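K.L.:
Let me begin by handing over the structure; questions about it come next.
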Amino acid sequence: MNAWVAYLGALIGGAVVSAVLTRVVAAWALRRGLLDLPGGRHVHASPVPRLGGVAVLLGLTAGALAYGAVFGWGPLAETVGRDEFIAFLAPCLLVFAVGLLDDLRGLGPAPRVLVEAVAAGFLVQAGYVIDVVATPWGEPFALGPFATPVTILWLVGVTNAHNLIDGLDGLLGAVGTAALLGCAAVAILGNRPASAILALALAGSLLGFLVWNWHPARIFLGDCGSLTVGFAVGALSLKVARNHSGSLSFHVPLLLCAIPLIEVALTLARRHVSGARYFEGDQSHVHHVLLARGHSIPRISASLGLAAALLAATAAFARSWRNDVAFAAIVVLVLLAALALRWLGYVELAVLGQRLLRGGLRRGAGRGGLPDAAALARLARGLAGAGTREEVRAAIASAAEALGLARVLVHLAPRGSGAAADEDASTWTIEPDRLDAAPAEWWAVRVAPAAPGPVIAVEVTRACDRPPLDPGAVRQALAEPLQAALARVARPDSVAGP
């Protein structure tokens, strides 16, 4: 039997079953009221059924079974093998179950991660393990006793990374399909037909689901779907990356899972710098930034899916470190990723880079803490982009609240005079109204712009239980950009607090 016909059987079987079942599951979830409601961090405008992961999992199973039904159960057993199929599917079912429970009843992160770790442990016993890693310099690196914990960390991390990017119609489906097709390509080139069948069956299942999940989505994956897809991709990427010498070409799974992993790294870096909780949701993910820049949901999902496809193609092409052209391609991709991150314009990354160059990573306490530096950098950017007095005021008020300031006083020169004395100047007073109870003592920093203009001086007041701000940083982030902003807009006589 032609191997390519078998592979197409798994892909098409998964797609057809998933496409049919997704519509059934969506109708059932709608009748039961199992809906993802709009609001908060969600970008959809109306309730949408979830639990699409049910159809995706059934599509995965059906894709492999369709291979057997069409081409014979004997070839299926020879290609996939009952033990291998069960060893892969059983842990996926465990992750699916905890995701389904989260969708139906709601769970905290701890029980989810615990179950994912247990499922990862089963996969380790089945041979999905990061034990000996191939290196560019030739000699492989053995992890020894660290192999199991590193593998569990990888699987749990990749699982939740895919869950994290499931924030737009079709996004995870597009990225996951690209990664799974990449897994299948690597498996076929490495003569691993069983892994290829499993990857193609799940890829087909996601393609069938995408018919209903593309914008405007009529059903979402839910946690049962996003966690299962992430877990399966993480596992298969390890399985197919094993080369004939027995070592693991770990750059292959890194490339296959790059989009979700980059999102996780960005999220943790942003929240570290800003002082936010690591596991608290926000609206600053890559797809949120692209939406804010005016890109449509289909365009974002398609673009990130194409990026994942490019990375997957590179993984298939660069299975060995000893391919010089492939190594060069990886270097080019890293440089392109760095340029893309710069284009996204995350203030936190710029602050983190500056702090790394200075050799300090204190998160909060002390002069020039990371959260303060990030808030001041956002203030400078907000003032630079302000086009109206309301936008100027909003930028200052937002920064004042983020910095925990009690009051911001902006002393302005009266109209018609560019060099008025302080006592003759009008004053803006901005006082955030959502701060905690005021302490007994305060400190204040007063700075003046270097060049003359409408701003004479800026004074910020903060409680003494918070570290003082560097006057130079206040001048650079507030006084100077404010001077330039007010030169662009009509200056009011006074600005009330927000």
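The values are calculated or read from the model by the stated rules, or taken from the named source; none is laboratory data. These figures come from a predicted structure and were not determined experimentally. Here the Cβ positions follow ideal geometry from the backbone for every residue, glycine too, while neighbour counts run over all protein chains shown.
K.L.:
Of the residues in segment 115-142, how many are within 30 Å of Ala326 (Cα to Cα) and of a type in the set (Asp, Glu)?
P.N.:
Adding up the residues that qualify gives 2.
K.L.:
Which of the residues belonging to segment 21-45 are part of a helix (DSSP H, G or I) and either without any contact (Cβ under 8 Å) to a residue 60 or more places away in the chain or surrounded by 18 or more Cβ atoms within 10 Å (Cβ to Cβ) (or both)?
P.N.:
First pass over segment 21-45, keeping only residues part of a helix (DSSP H, G or I): 21-32.
Leu21, Thr22, Val24, Val25, Ala26, Ala27, Trp28, Ala29, Leu30, Arg31, Arg32, listed by residue number.
K.L.:
Oh, and also: Just the residues that are closer than 11 Å to Arg462 by Cβ and at pLDDT 85 or above, please, taken from segment 423-446.
P.N.:
Correct list: Ala444, Val445.
K.L.:
In addition: Give all pairs with beta carbons closer than 8 Å in which a residue from segment 441-452 that is touching a residue at least 12 places away in the same chain (Cβ under 8 Å) meets a residue that is in a loop (DSSP other than H, G, I, E, B) and surrounded by 16 or more Cβ atoms within 10 Å (Cβ to Cβ); count only pairs at least 6 apart in sequence or on separate chains.
P.N.:
Within 8 Å, the pairs are Val445/Leu469.
K.L.:
Looking at (1) more than 18 Å from Arg299 (Cα to Cα); (2) at pLDDT 95 or above, can you tell me which one Thr177 breaks?
P.N.:
(1)
K.L.:
Checking Ala394 against (1) buried (at least 20 other Cβ atoms within 10 Å of the Cβ); (2) assigned to a helix (DSSP H, G or I); (3) among the hydrophobic types (A, V, I, L, M, F, W, C), which test does it fail?
P.N.:
(1)
Listed here are the residues, each with its yes/no results for (1) acidic (Asp, Glu); (2) in the same structural domain as Ala217 (by TED's automatic domain parsing); (3) closer than 30 Å to Arg242 by Cα.
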position: Asp282; (1), (2), (3): yes, yes, no
position: Arg293; (1), (2), (3): no, yes, no
position: Ser301; (1), (2), (3): no, yes, no
position: Ala309; (1), (2), (3): no, yes, yes
position: Ala318; (1), (2), (3): no, yes, yes
position: Val331; (1), (2), (3): no, yes, yes
position: Leu335; (1), (2), (3): no, yes, yes
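K.L.:
For segment 292-316, which residues satisfy the criterion of being farther than 30 Å from Arg192 by Cβ and over 14 Å from the mean Cα position of the chain (by Cα)? Break it down into steps so the answer makes sense when it comes.
P.N.:
Step one: of segment 292-316, the residues farther than 30 Å from Arg192 by Cβ are 292-300, 303.
If the condition is that a residue be farther than 30 Å from Arg192 by Cβ and over 14 Å from the mean Cα position of the chain (by Cα), then Ala292, Arg293, Gly294, His295, Ser296, Ile297, Pro298, Arg299, Ser303 are the ones that fit.
K.L.:
Inside segment 259-301, can you point out the residues that are assigned to a helix (DSSP H, G or I) and under 14 Å from Val43 (Cα atoms)?
P.N.:
Result: Val286, His287, His288, Val289, Leu290, Leu291, Ala292, Ile297, Pro298, Ile300, Ser301.
K.L.:
Checking Leu76 against (1) of a type in the set (A, V, I, L, M, F, W, C); (2) surrounded by 16 or more Cβ atoms within 10 Å (Cβ to Cβ); (3) at pLDDT 90 or above, only one condition comes out false. Which one?
P.N.:
Going through the list (1) of a type in the set (A, V, I, L, M, F, W, C); (2) surrounded by 16 or more Cβ atoms within 10 Å (Cβ to Cβ); (3) at pLDDT 90 or above, Leu76 breaks only (3).
K.L.:
Looking at segment 166-258, what helices (runs of 4 or more DSSP H) fall wholly within it and have at least 1 residues that are of a type in the set (D, E, K, R), in the same structural domain as Ala27 (by TED's automatic domain parsing) and in contact (Cβ under 8 Å) with a residue 60 or more places away in the chain? Spell out how you get there, then give the answer.
P.N.:
Numbers: elements: 171-189, 193-213, 222-240, 251-256.
Per the criteria, 222-240.
K.L.:
Sticking with this structure for a sec: I'd like the residue in segment 106-131 that is surrounded by fewer than 17 Cβ atoms within 10 Å (Cβ to Cβ) and touching a residue at least 60 places away in the same chain (Cβ under 8 Å) and, out of all such residues, is farthest from Phe88 (Cα to Cα).
P.N.:
Pro109
K.L.:
Here's another thing I want to ask about it. Pick from His272, His288: which is at pLDDT below 95, surrounded by fewer than 24 Cβ atoms within 10 Å (Cβ to Cβ) and touching a helix residue (DSSP H, G or I) at 6+ places or on another chain (Cβ under 8 Å)?
P.N.:
Every option except His272 fails the conditions.
K.L.:
In addition: Considering only segment 212-224, I want to know if a residue exists there that is within 29 Å of Val5 (Cβ to Cβ) and surrounded by 20 or more Cβ atoms within 10 Å (Cβ to Cβ). Full working, then the answer.
P.N.:
Keep residues of segment 212-224 that are within 29 Å of Val5 (Cβ to Cβ), which gives 212-214.
Imposing the further condition that a residue be surrounded by 20 or more Cβ atoms within 10 Å (Cβ to Cβ) reduces the set to 212-213.
There is at least one residue in segment 212-224 that is within 29 Å of Val5 (Cβ to Cβ) and surrounded by 20 or more Cβ atoms within 10 Å (Cβ to Cβ).
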